């Protein structure tokens with residue numbers, strides 16, 4: 001097996017994850033209002049099924065909406081930063097012994113932990129299930145969040161594969 005190629009693949013996937021997180025973060029800042037509207041409608045549950053028995057879970061407070069949105073923006077920024085730091089450490093150790101290269105993947109693991117927290121816990125568990133986002137025909141991000149989570153799982157599994165010493 002070409003261990004160097006596998007190491008490069010791991011670095012590239014982490015770099016792409018970091019770029020994705022950065023673009024999401026930047027997009028939320030550059031198009032603040034339309035993305036804020038998403039958070040507002042999900043938390044207020046105003047586009048869920050009529051007569052929904054779960055409406056007691058809704059938050060009408062714009063202050064809560066703003067805090068939740070900024071929490072999301074900050075988490076996305078940290079996600080991308082962790083991924084970029086991981087890429088740096090992995091590149092720095094790309095030709096190091098397997099043990100050292102494996103240790104250099106730590107920030108990548110932290111990035112994917114946070115990625116799972118954002119897209120699976122935040123959007124699927126909280127947004128879709130707690131706030132019944134799945135009921136909205138307009139403000140339903142569950143499928144996209146599941147797609148992103150599936151990619152993160154694949155990337156995290158790839159990253160977790162143990163690297164051996166490079167062949168001479």
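Here, each number is a calculation from the coordinates, and none is a lab measurement. Note that the coordinates shown come from a computational prediction; the quantities given were computed from them, not determined experimentally. Positions of Cβ are backbone-derived with ideal geometry, glycine not excepted, and every protein chain shown enters the neighbour counts.
Here are a few things to note about the model shown:
- The label point for residue 19 and the one for residue 109, both projected 7 Å from the Cα toward the Cβ, are 2.7 nm apart.
- Sum of -39500 (n - 2.57) over DSSP H runs of 4+, divided by residues of the chain (222 nm, nearest 500): -21500 deg cm²/dmol
- Principal axis box of the range 37-129, alpha-carbon based, largest edge first, Å: 61, 22, 14
- Modelled FRET efficiency - R0 35 Å, residue 52 with residue 158, Cβ distances, 0.05 increments: 0.30
- Order by protection proxy (mean Cβ within 10 Å, highest first), peptides 25-34, 94-103: 94-103, 25-34
- The tail of the calculated P(r) for the range 76-168 beyond 20 Å holds 45 percent of all Cα-Cα pairs.
- Using a simple spin-label model with pseudo-atoms 7 Å out from Cα toward Cβ, residue 26 and residue 137 lie 3.6 nm apart.
- The range 90-168-the range 3-60 distance, computed between alpha-carbon centres (Å): 14
- Structural descriptor for the range 3-160: relative contact order 31 percent, calculated from alpha carbon pairs under 8 angstrom and at least 6 residues apart.
- Whole-number D in µm²/s for the range 3-160 (Stokes-Einstein; Kirkwood sum over Cα pairs; 37 °C, 0.692 mPa s): 197
- Cβ-derived FRET efficiency at R0 41 Å, residue 117 paired with residue 165, nearest 0.05: 0.75
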